[in-house]
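Written out below as structure tokens is the structure these notes cover.
Nothing in this text is a laboratory measurement; each read-out follows from the coordinates by a stated rule. Worth saying up front: this structure is predicted, and the values here are computed from it rather than measured. Neighbour counts are summed over all protein chains in view; Cβ atoms, including those assigned to glycine, are modelled from backbone coordinates with ideal geometry.
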Amino acid sequence: MALRKIVEQGEDCLTKVCRPVKEFNRRLHILLDDMAETLAEANGAGLAAPQVGVLRRVCIVLDMDSEEYIELINPEIIAQSGEQTGLEGCLSVPGKWGIVTRPDYVRVRAQDRNGAWFEVEGRDLTARAFCHEIEHLDGHLYTEHIDHFLSDEELRDYLEAEEKEE
């Protein structure tokens with residue numbers, strides 16, 4: 001396994017639609033393993049292949065309940081419901097945060113590293129991460145959903161308000 005460089009906003013690969021994975025081979029397994037190591041090192045909630053410069057429909061999401069990585073190859077959202085509005089950031093947009101509204105529940109159909117189809121569902125932060133990462137595969141960033149980046153003061157106020165709610 002190896003750490004990969006996370007590309008940042010402004011790089012062309014973040015605006016491209018990714019191609020489906022057709023070969024479930026050692027190269028794919030190395031990519032998935034490298035992405036998991038890169039995501040762990042960056043302490044993020046998810047990582048999509050275009051964020052490491054690979055234009056394939058591959059992403060990894062951290063399941064917030066089990067703290068296990070969910071590998072999604074050729075994923076598609078097949079059901080969603082509810083609504084949540086909250087803080088969102090991105091490893092490709094370091095140090096910036098915005099408020100984004102996403103579904104509260106998401107069901108995804110995808111393939112695993114060996115090509116077998118499966119379905120997985122997520123709520124709250126896991127649902128948010130599914131939506132965020134799958135959008136990367138179509139060349140979109142969360143920044144398209146915000147009206148502005150939070151200032152340091154707005155971020156501090158938001159986090160303090162969240163802490164009081166818990």
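Rounded to the nearest 20 debye, the dipole size of the chain about its Cα centre is 1160 debye, using +1 on the Cβ of Lys and Arg and -1 on the Cβ of Asp and Glu.
Projecting the Cα atoms of Ser66, Gln80, Val93 onto the dipole axis of region 62-105, where Lys and Arg carry +1 and Asp and Glu carry -1 at the beta carbon, places Val93 farthest toward the positive end. Local charge for Leu32 was computed over the other residues whose Cβ lies under 11 Å away, with Lys and Arg +1 and Asp and Glu -1, and equals -1.
Residues in region 142-147 carry Karplus couplings, in order, of 4, 4, 6, 9, 9, 8 Hz; the curve used is 6.51 cos²θ - 1.76 cosθ + 1.60 with θ = phi - 60°, and Gly or Pro positions show x. Antiparallel beta bridges, as assigned by DSSP with both residues in the chain, represent about 95 percent of the total such bridges. For Gly122, neighbours were defined as the other residues whose beta-carbon sits under 9 Å from its Cβ, and their charges (Lys and Arg +1, Asp and Glu -1) total -1. Residues whose amide H comes within less than 5 Å of that of Trp97, counting only those at least five positions distant or on another chain, are Leu150 (H built at 1.01 Å from N in the peptide plane). Note on region 1-64 and region 89-165: Cα centroid distance 16 Å, given to the nearest whole angstrom.
Classify region 12-55 as rounded, prolate or oblate from the Cα gyration tensor: take a ≥ b ≥ c as the square roots of its eigenvalues, call it rounded if a/c is under 1.5, otherwise prolate when a/b beats b/c and oblate if not. Oblate shape, in that a/c is at least 1.5 and b/c is the bigger or equal ratio.
Would you list, by chain and number, the lysines whose Cα falls below 19 Å from the Cα of Lys96, excluding same-chain residues fewer than 8 positions away? Within the straight-line limit of under 19 Å, Lys96 reaches these lysines: Lys5.
Is region 1-130 rounded, prolate or oblate when judged by the Cα gyration tensor, a ≥ b ≥ c being the square roots of its eigenvalues, rounded requiring a/c under 1.5 and prolate requiring a/b larger than b/c? It comes out oblate by the Cα gyration axes.
In the neighborhood of Pro103, defined by Cβ-to-Cβ distances under 9 Å, what is the net charge if each Lys or Arg adds +1 and each Asp or Glu adds -1? Value of the local net charge: 0.
Here the contact order of region 1-120, divided by its residue count and restricted to Cα pairs under 8 Å and six or more residues apart, works out to 24 percent.
Where a ≥ b ≥ c are the square roots of the eigenvalues of the C-alpha gyration tensor, would you call region 75-144 rounded, which needs a/c under 1.5, or, failing that, prolate if a/b is larger than b/c, or oblate? Taking the square roots of the gyration eigenvalues as a ≥ b ≥ c, region 75-144 is oblate.
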